[in-house]
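Student: Sharing a structure here in structure tokens format.
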Amino acid sequence: MEKLKKLKEVDWKHLKWKDIKDIYTEFKEIINYLFFGVLATGVNFISYFIFARVFHIDEVISSALSWLCSVIFAYTTNKIFVFDSKTKGKKELLKECASFFTARILSGILCDVGTFALMVKVLHINDVISKIVTQVMVVIVNYVFSKFFVFKKKEK
């Protein structure tokens with residue numbers, strides 16, 4: 001709530017670089033998550049179109065393959081740029097990576113593949129519209145999983 005209060009106090013008509021810097025500093029994690037989430041979505045869409053339209057692979061299989069491409073990209077960017085995760089040793093890194101992929105598998109099955117398949121195959125909704133809807137769902141679910149389960153701050 002305190003962060004939202006600060007946003008209300010900003011003079012949006014006379015925004016200065018210091019204000020922008022302060023806003024970025026205050027909301028860095030969310031801004032970075034959304035920025036890299038947009039890039040991951042781009043990876044998802046581009047790879048989907050390559051698989052589906054260039055290689056003529058079934059839409060659902062193309063969606064699953066594009067999901068895998070975007071998850072690899074997302075893990076790397078989330079670890080380094082969003083949650084600034086530091087792991088000690090291979091065991092901790094593998095545990096973090098495994099929990100990230102498990103969370104993404106859950107959101108992938110539920111949203112990206114499951115909901116997409118339902119929308120395209122059962123409801124006969126356009127595949128591009130279906131991808132947009134499922135990607136919004138994926139971003140929200142993935143942030144919650146990443147923030148509270150995968151990259152949660154370790155107690156010192």
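The values are calculated or read from the model by the stated rules, or taken from the named source; none is laboratory data. Note that this is a predicted model, so its numbers are computed, not measured. So basically every Cβ, Gly included, is an ideal-geometry build from the backbone, and we count neighbours across all protein chains shown.
Student: Is it the case, given these coordinates, that Val10 is more than 13 Å from the chain's Cα centre (by Cα) and surrounded by fewer than 13 Cβ atoms within 10 Å (Cβ to Cβ)?
Tutor: In short, no.
Student: Additional query: Quick one: how many residues across region 134-156 are within 21 Å of Ala52 (Cα to Cα) and surrounded by fewer than 15 Cβ atoms within 10 Å (Cβ to Cβ)?
Tutor: Total satisfying the criteria: 1.
Student: Inside region 42-156, counting only helices (runs of 4 or more DSSP H) that do not spill past its ends, which hold 3 or more residues that are more than 30 Å from Thr25 (Cβ to Cβ), within 14 Å of the chain's Cα centre (by Cα) and of a type in the set (S, T, N, Q)?
Tutor: none
Student: Scan region 110-135 residue by residue and report those that are among the hydrophobic types (A, V, I, L, M, F, W, C) and within 15 Å of Cys69 (Cα to Cα).
Tutor: The one that is among the hydrophobic types (A, V, I, L, M, F, W, C) and within 15 Å of Cys69 (Cα to Cα): Val113.
Student: If you scan region 13-41, which residues turn out to be over 22 Å from Val150 (Cβ atoms) and surrounded by 11 or more Cβ atoms within 10 Å (Cβ to Cβ)?
Tutor: The answer is Leu15, Asp19, Ile20, Asp22, Ile23, Tyr24, Glu26.
Student: If you don't mind, there's one more thing I want to ask. Determine which single condition Leu39 fails, assuming it passes every other condition in (1) of a type in the set (A, V, I, L, M, F, W, C); (2) over 21 Å from Met137 (Cα atoms); (3) touching a residue at least 12 places away in the same chain (Cβ under 8 Å).
Tutor: Only one criterion in (1) of a type in the set (A, V, I, L, M, F, W, C); (2) over 21 Å from Met137 (Cα atoms); (3) touching a residue at least 12 places away in the same chain (Cβ under 8 Å) is unmet by Leu39, namely (2).
Student: Answer with yes or no whether Val10 is aliphatic (A, V, I, L, M) and either touching a Gly at 6+ places or on another chain (Cβ under 7 Å) or at pLDDT 95 or above (or both).
Tutor: Spelling it out, it is not the case that Val10 is aliphatic (A, V, I, L, M) and either touching a Gly at 6+ places or on another chain (Cβ under 7 Å) or at pLDDT 95 or above (or both).
Student: Output the number of the condition that Ser47 fails; it satisfies all remaining conditions of (1) exposed (fewer than 14 other Cβ atoms within 10 Å of the Cβ); (2) at negative phi; (3) of a type outside the set (Asp, Glu).
Tutor: (1)
Student: Let me ask something else. Checking Leu39 against (1) in a loop (DSSP other than H, G, I, E, B); (2) within 19 Å of the chain's Cα centre (by Cα): exactly one of these is not met. Which one?
Tutor: The failed condition is (1).
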